[in-house]
Amino acid sequence: MTPRLSQAVLPGLPSSVKVPGYDRGAVTAGIVHLGIGAFHRAHQAVYTDAVLADDPAWGIVAASLRNPATRDALEPQDGLYTLSIRSDGGESLRVIGSVLRTIVAPEALEDLLGVMSDPATRIVSLTVTEKGYCHDPATGALNEAHSDIIHDLSHPSHPRTAPGLIVEALRRRRNAGVPPFTVMSCDNLPANGRTVKRVLSRYAEMLDRDLRAFVREQVACPSTMVDRIVPATTDEDRERISRLLGATDAWPVMTEPFTQWVIEDDFPQGRPAWEKVGAQFVSDVEPFEHMKLRLLNGSHSTLAYLGYLAGYETVADAMADQAFERLIRGLMDEEVTPTLHLPPGTDLQSYKQALVTRFKNPALKHRTAQIAMDGSQKLPQRLLGTIRDRLAKDKSIRRLALGVAAWMRYVTGWDERGAPIEVRDPMAERLRRIADEGGSDPRAIAHGLLRVSEVFGDDLPNNPAFTSAVTDALDTLFRKGAQATVRETTLSSF
């Protein structure tokens with residue numbers, strides 16, 4: 001019988017598998033991470049794993065805010081899991097040991113709040129996805145009508161949300177005379193540090209004005225930019241990794257060789273020396289954030305919706321179509337790049353070429369359906385900010401508008417062959433209802449969806465250049481299909 005991956009089996013793993021080079025028994029927790037998904041385990045946890053030999057005080061206690069699946073997979077493995085780095089050149093395996101334990105918040109809320117309130121915890125980081133901040137994506141403000149926020153304000157000592165958990169832990173620390181931890185968002189939000197500070201401050205104010213002052217004046221929220229492509233793990237991945245290890249790993253993580261982390265250096269209670277293992281500390285993350293959100297994430301979303309509609313299962317499949325590659329190169333070069341303002345010496349051309357290479361990596365198998373999730377939360381950051389900048393200078397948005405229109409086509413819930421689409425989005429029912437009201441008229445569908453102010457704000461729906469570009473693109477998608485529309489777009493002059 002194949003043993004389960006655990007501390008006990010590490011010495012017997014193949015020599016080609018890299019294992020933790022430090023005494024895990026000496027590691028103590030200094031970080032609480034909210035939202036232990038695959039991305040955190042392929043990114044921040046890996047950087048942290050690499051510094052623990054020099055400073056073992058930065059182990060991670062991870063928390064799942066909803067689902068026990070990750071805890072159930074990792075607990076029998078002593079928190080260990082395999083990182084698989086895949087490219088067309090092969091695969092390398094590394095066992096990560098920085099996650100000491102995982103807490104499921106609904107099952108052990110006091111345990112989690114106790115760890116967050118512990119003076120040893122000096123950083124609370126988050127990868128809860130855009131929707132986990134319970135904010136209005138168009139404005140970045142706390143969504144005060146969110147049902148879980150309403151619950152948390154009525155039951156502040158029993159929170160369900162990330163903002164509720166953080167503010168309750170900060171309240172307990174303040175009352176105990178313990179300095180606040182640093183809150184570090186690692187999600188794809190514009191100015192994610194300032195956004196989380198705004199959300200936390202408003203939530204605290206609705207509870208207690210003195211608590212708001214404490215959050216605003218004493219809690220550091222550095223902005224970050226994170227970059228690594230992390231596809232969902234499949235059963236085939238689990239079987240292959242377990243076979244290579246000679247031990248069963250219930251939840252390995254797949255990723256690419258490329259990784260990037262840019263962080264504003266604002267950690268009053270200290271931090272790991274992540275710069276020693278490749279992280280870049282800067283005074284202002286915003287230029288790097290715009291580069292990544294607009295070039296990588298904007299292109300990714302455009303590929304996801306158009307690729308899915310065209311019948312491509314993965315990003316690499318879509319990029320193998322020369323028309324799709326031309327579309328993405330044109331989007332990056334002609335429409336996104338002019339909106340960026342990067343520090344001198346930034347090699348933008350190399351970054352864009354690297355993105356194309358990463359998108360074409362056939363070993364990753366990054367599914368278009370996975371990237372398409374939660375589009376109502378992602379579009380404002382990934383496409384609409386760029387569109388606003390282009391419109392302000394009276395420049396073309398044809399490719400960007402096509403990405404928005406492809407999202408609209410996707411959220412109707414039916415693909416081009418008449419098969420249902422499983423739209424996974426916090427606004428899915430509302431979006432589907434609006435699309436249904438438009439019937440078979442793409443212009444009516446566009447008109448209805450453009451009125452969703454949480455996505456488009458109040459300005460874009462009143463901008464004729466935007467509404468006509470999106471409506472025309474959606475009409476073409478319905479008439480000709482995604483593949484023909486992409487080819488037509490890339491052959492047209494701009």
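Nothing in this text is a laboratory measurement; each read-out follows from the coordinates by a stated rule. All of these numbers come straight from a predicted model, not from anything done at the bench. Glycine also receives a Cβ, built like all others from the backbone with ideal geometry; neighbour counts cover every protein chain displayed.
If I take the Cα coordinates of region 393-494 and project them onto the principal axes, what are the three extents in Å, biggest first?
Projected onto its principal axes, the Cα set of region 393-494 covers 36, 33, 22 Å.
Relative to the present Cα-Cα distance, how much length would full extension add between residue 313 and residue 213 at 0.36 nm per residue of separation?
On the way: separation 100, 0.36 × 100 = 36.00 nm, distance 4.89 nm.
This chain segment gains 31.1 nm when fully extended.
What is the gain in length, in nm to one decimal, between residue 395 and residue 492 on full extension, counting 0.36 nm per residue of separation less the C-alpha to C-alpha distance?
Full extension from residue 395 to residue 492 adds 33.3 nm.
If a paramagnetic tag sat 7 Å from the Cα of residue 91 along the Cα-Cβ line, which residues of region 352-394 would have the backbone N under 12 Å from that point?
Output list for this probe position: 363-365.
Rounded to the nearest 5, what is the percent of antiparallel bridges among the DSSP beta bridges in the chain?
35 percent
What nm value, rounded to one decimal, do you get for the distance between residue 286 and residue 430 when each label is placed 7 Å out toward the C-beta?
My value for the distance between the label points is 2.8 nm.
Only counting other Cβ atoms within 10 Å, I'd like 393, 131 sorted with the fewest neighbours first.
393, 131
Looking at region 7-282 only, what percent of DSSP beta bridges run antiparallel? Nearest 5 please.
Values: 12 of 37 bridges.
Counting only bridges with both partners in region 7-282, antiparallel ones make up about 30 percent.
Which peptide among 2-8, 340-346 comes first, and what is the full order, when sorted by highest mean count of other Cβ atoms within 10 Å?
2-8, 340-346
Return 425, 321 ranked ascending by Cβ neighbour count within 10 Å, so the fewest neighbours appear first.
321, 425
Neighbour counts of other C-beta atoms within 10 Å: give me 366, 40 arranged from fewest to most.
Working: 366 23, 40 26.
Neighbour counts put them in this order, fewest first: 366, 40.
Can you compute the label reach from residue 147? Point 7 Å from Cα along the Cβ direction, backbone N cut-off under 12 Å, restricted to region 398-416.
none
Using just the helices of the chain, give the 222 nm mean residue ellipticity in deg cm²/dmol: DSSP H runs with n ≥ 4 each add -39,500 (n - 2.57), and the total is spread over all residues, rounded to 500.
-12000 deg cm²/dmol
Taking one equal scatterer on every alpha-carbon of region 174-281, how large is log10 of I(q)/I(0) by Debye at q = 0.17, 0.19 1/Å?
Once normalised to I(0) and log-transformed, intensities are -0.89, -0.97.
Only sites in a loop by DSSP and with at most 14 other Cβ atoms within 10 Å count here; which GluC sites (Glu not before Pro) in region 251-338 make the cut?
Details: sites: 264, 275, 289, 313, 325, 334, 335; in loops: 313.
Those satisfying the criteria are 313.
Of the peptides 476-485, 26-35, how do they stack up when ordered by the mean number of other Cβ atoms within 10 Å, highest first?
Ranked from most to least packed, the peptides come out as 26-35, 476-485.
Working out 0.36 nm times the residue gap between residue 419 and residue 67, then minus their Cα-Cα distance, what length gain in nm do you get to one decimal?
Values: separation 352, 0.36 × 352 = 126.72 nm, distance 2.92 nm.
Stretched out fully, the residue 419 to residue 67 stretch lengthens by 123.8 nm.
Would you kindly calculate the translational diffusion coefficient of region 7-282, applying Stokes-Einstein with the Kirkwood radius from alpha carbon pairs, for 10 °C and a viscosity of 1.306 mPa s, and quote it in µm² s⁻¹ without decimals?
83 µm²/s
What nm distance separates the two modelled labels at residue 205 and residue 479, each placed 7 Å from Cα along Cα→Cβ?
4.9 nm
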